[in-house]
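The values are calculated or read from the model by the stated rules, or taken from the named source; none is laboratory data. This structure is a prediction, so every number in the text was calculated from the model and none was measured. Glycine also receives a Cβ, built like all others from the backbone with ideal geometry; neighbour counts cover every protein chain displayed.
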Amino acid sequence: MDWKKLFHIKKPDKWISVDVELDGMHPSRIIQLSYIIIEGKKVRGKNMYFAAKAINRHAKKVHGLGVYQLKTLSNGEVFAHRADEVYNDFKDCKLVIGHDVGGDMKYLRSEFARLGIDFPAIPIFCTLKHYTKEANIPLKQNPNVLKPPKLTELSDHFGLTQEIISKYCDKWFGGGDHPHDARYDAAAAYLCMLVGEGKI
């Protein structure tokens, strides 16, 4: 894909920056889905929580979401309750942005597959892969090889502090002030792309 051409489109296409948090079970299910819908200068965020029967303890250590907490945050809703809304948001999207976004989209497709729905194939912009060379972090085991950056490492590289990212989260979502909250990670990936491509 010609990224330079893509970033200089005159007519604003719909882009989405997405992140998911998972229950960590087998197979993993989405328990938080956050995405930013970008249409030219119009930017808005959506955040959804889904009820879970169980949460893997290692996954809970990462995102801090538990079964009872999710029951409250989701109002008892599961993915199927919001599937139509999510599908309609993504169906005419021209680009999906995220950090290791291929993984996020895999879990999203799996949720739709459980409902018997084919999710459309959409081009992706992966900030993890795209900016590995830019971040320039050598592997400890082999300094001649570059390590794909964590989202926090990439944010730091681009001068995006937690305070800056949190302000955008508040603007777009009304909350989400720390890494591994899907709102924060979706915002951080989008902001990294904007800085990386010289848009801000």
| request: Tell me which residues, restricted to the stretch 70-112, are touching a strand residue (DSSP E or B) at 6+ places or on another chain (Cβ under 8 Å), within 10 Å of TYR49 (Cβ to Cβ) and not in a helix (DSSP H, G or I). | output: SER74, GLU77
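Which one is farthest from VAL18 (Cα to Cα), of the residues in the stretch 41-56 that are of a type in the set (D, E, K, R) and in a loop (DSSP other than H, G, I, E, B)? Working first, answer last.
So in the stretch 41-56, the residues of a type in the set (D, E, K, R) come out as 41-42, 44, 46, 53.
If we keep only those that are in a loop (DSSP other than H, G, I, E, B) too, we end up with 41, 53.
Numbers: LYS41: 18, LYS53: 24 Å.
Here the residue is LYS53.
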| query | Which ones in the stretch 113-146 are β-branched (Val, Ile, Thr) and in contact with a strand residue (DSSP E or B) (Cβ under 9 Å, 6 or more places away or on another chain)? | reply | ILE122, ILE124, THR127, THR132, ILE137, VAL145
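Take the stretch 165-179 and flag every residue that is over 14 Å from LYS46 (Cβ atoms) and crowded, with 17+ Cβ neighbours inside 10 Å. If you could, list the steps in order and put the result at the bottom.
Let us first name the residues in the stretch 165-179 that are over 14 Å from LYS46 (Cβ atoms), namely 165-168, 170, 177-179.
The answer is ILE165, SER166, TYR168.
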| task | Considering (1) in a helix (DSSP H, G or I); (2) of a type outside the set (Lys, Arg); (3) within 18 Å of the chain's Cα centre (by Cα), say which one HIS180 fails and leave the rest. | result | (1)
| task | For ALA59, indicate whether it is modelled with pLDDT under 95 and outside any strand (DSSP E or B). | result | yes
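In the stretch 113-135, which residue that is in a loop (DSSP other than H, G, I, E, B) and free of Cβ contacts under 8 Å to residues at least 12 places away in the same chain is nearest to the chain's Cα centre (by Cα)?
Pass one, the stretch 113-135, residues in a loop (DSSP other than H, G, I, E, B): 115-123, 131.
If we keep only those that are free of Cβ contacts under 8 Å to residues at least 12 places away in the same chain as well, we get 116, 118, 121.
Numbers: GLY116: 24, ASP118: 20, ALA121: 17 Å.
Among residues in the stretch 113-135 that are in a loop (DSSP other than H, G, I, E, B) and free of Cβ contacts under 8 Å to residues at least 12 places away in the same chain, the one nearest to the chain's Cα centre (by Cα) is ALA121.
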